[in-house]
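Below you'll find the structure, written out as structure tokens, and then a few comments.
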Amino acid sequence: MRSRERSIASLSPWSRRCHCLKAIIGLPAGNKRFLTTLLQMHSRAAIGIVAREIPGLQRSFIVHLSCRILLLFFLFAGVSACDRGPGDHQQTLLVFGTLLDIKAYTDKPDEFAAAVRELEQTFQMMHREWHAWKGDGELVRLNRAIARGDAMRVTPELADLLRQAKRHAQQSDHLFNPAIGRLVALWGFHSDEPPAGPPPDASRIAALIAQAPAMSQLVFEENRIRASNRAVALDLGAFAKGYALNLAIRRLQAFGIGNAIVNAGGDLCVSGRHGDRPWAIGIRHPLGEGVIASVEVADGECVLTSGNYERYREHEGIRYAHIIDPRSGYPVRHVASATVISRDGGLADAAATALSVAGPQQWHRIAAQMGLAEVMLVDENGAVHVSPRMGQRIEFQQPIDRVLVSAPLQSQP
């Protein structure tokens, strides 16, 4: 076989997955010779433009050759252009009060766009129905019913969400406690604007702590929910985001998008890979600028961080974080951030909050109870506490004065 004919024949494997190259295989010999000439024109730099009228096609075509890449654009009897292979596709949504960045490495841009449109509708519904204090959504109505001592039938989705939250609260010894919505509101964090002024009066904090609201007081009768304590006020801000990120990955996969990363303000879940390499992300330094560590995230994993730099109240030079210790009623101060890697986004979200409350002395016990293996805490002095498996995975991007590697985490029932 002559060299030009071999060049055309070599396209045959491609033609099985690219319909426009099937048309090339079927061209008359004269047209094949022209295409073969184009295929042999490689160069290290852009070498200009070649145009040629091809009998049997509808118009002339301009072929750009640059950097050893040959791009052929055809129209053959109404046949669409050839699939150029997978690439990055990205869209950004405004949901949950933050920017949600959705990025996929795919050769299905139409399916990706359709998946994002569906996700936007789903997330807007979640934001509306599961908001703790704004509007008249399902969670607001449930909190009103609980305050009256009534039961309320909820959607299966909210019932499932609350069952998971109740389980994670129990695993964490209730350091993750979505039932303290009244305490969160007292500190001013039920607002779109950062709270200002002095902290709440100590007597009001003590009164709410004395009422001891807890997720264990929720009673489920199928999808009817009530609480044995009227002081329960549900706020899912420390859990719903991770749950939603997992949901987003599953929806993308249902549309055939198997390689994606969904990032909500630094909290994220991934699927697949970014081409020939894993997805790589940076973890923000809670006490300084930039990234404290980077990590490669495997298929199906989520990375969630809770930090006192996200939302806070500041008065007379003292910063009061939005993460509140349900035992004392006051914001945590001993931990600047907690990062958790897990395949369950909701668990990772809840755990990041619970470990921030647990602090340097208790985080290891709580992490084991919650079934975690990969955890990193940065305490108020800048020391980094890591589990062994997390320590093996992360790469610090800044000098760290003190790194404390814990004993291995052994999951407890």
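The values are calculated or read from the model by the stated rules, or taken from the named source; none is laboratory data. None of these values were measured; they are calculated from a predicted model. All Cβ positions, glycine included, derive from the backbone under ideal geometry; neighbour counts span all protein chains shown.
Quick rundown of the values:
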quantity: Residue within the range 155-167 that is β-branched (Val, Ile, Thr), under 21 Å from Pro326 (Cα atoms) and modelled with pLDDT of 95 or more present; calculated: no
quantity: Qualifying position, being part of a strand (DSSP E or B), in contact with a helix residue (DSSP H, G or I) (Cβ under 6 Å, 6 or more places away or on another chain), buried (at least 17 other Cβ atoms within 10 Å of the Cβ) and of a type in the set (Gly, Ala, Ser), among Ala338, Ala248, Ala293; calculated: Ala338
quantity: Filter result for Ala368 (over 18 Å from Arg284 (Cα atoms), out of contact with any helix residue (DSSP H, G or I) (no Cβ under 7 Å at 6 or more places or on another chain) and of a type in the set (Gly, Ala, Ser)); calculated: yes
quantity: Counted residues, the range 188-218 - those being free of Cβ contacts under 8 Å to residues at least 40 places away in the same chain and among the hydrophobic types (A, V, I, L, M, F, W, C); calculated: 4
quantity: Residues within the range 145-164 that are assigned to a helix (DSSP H, G or I) and out of contact with any Lys or Arg (no Cβ under 7 Å at 6 or more places or on another chain), tallied; calculated: 11
quantity: Residue list for the range 312-330, restricted to those being surrounded by fewer than 16 Cβ atoms within 10 Å (Cβ to Cβ) and either in contact with a strand residue (DSSP E or B) (Cβ under 8 Å, 6 or more places away or on another chain) or in a strand (DSSP E or B) (or both); calculated: Glu314, His315, Ile318, Arg319
quantity: The range 265-302: number of residues that are under 17 Å from Asp349 (Cβ atoms) and either free of Cβ contacts under 8 Å to residues at least 60 places away in the same chain or touching a Leu at 6+ places or on another chain (Cβ under 9 Å) (or both); calculated: 12
quantity: Criterion violated by Thr339 - all others in (1) at pLDDT below 95; (2) under 14 Å from the mean Cα position of the chain (by Cα); (3) among the β-branched types (Val, Ile, Thr) satisfied; calculated: (1)
quantity: Answer from Val357, Val335 - the residue that is touching a residue at least 40 places away in the same chain (Cβ under 8 Å), farther than 23 Å from Arg393 by Cβ and of a type in the set (Val, Ile, Thr); calculated: Val357
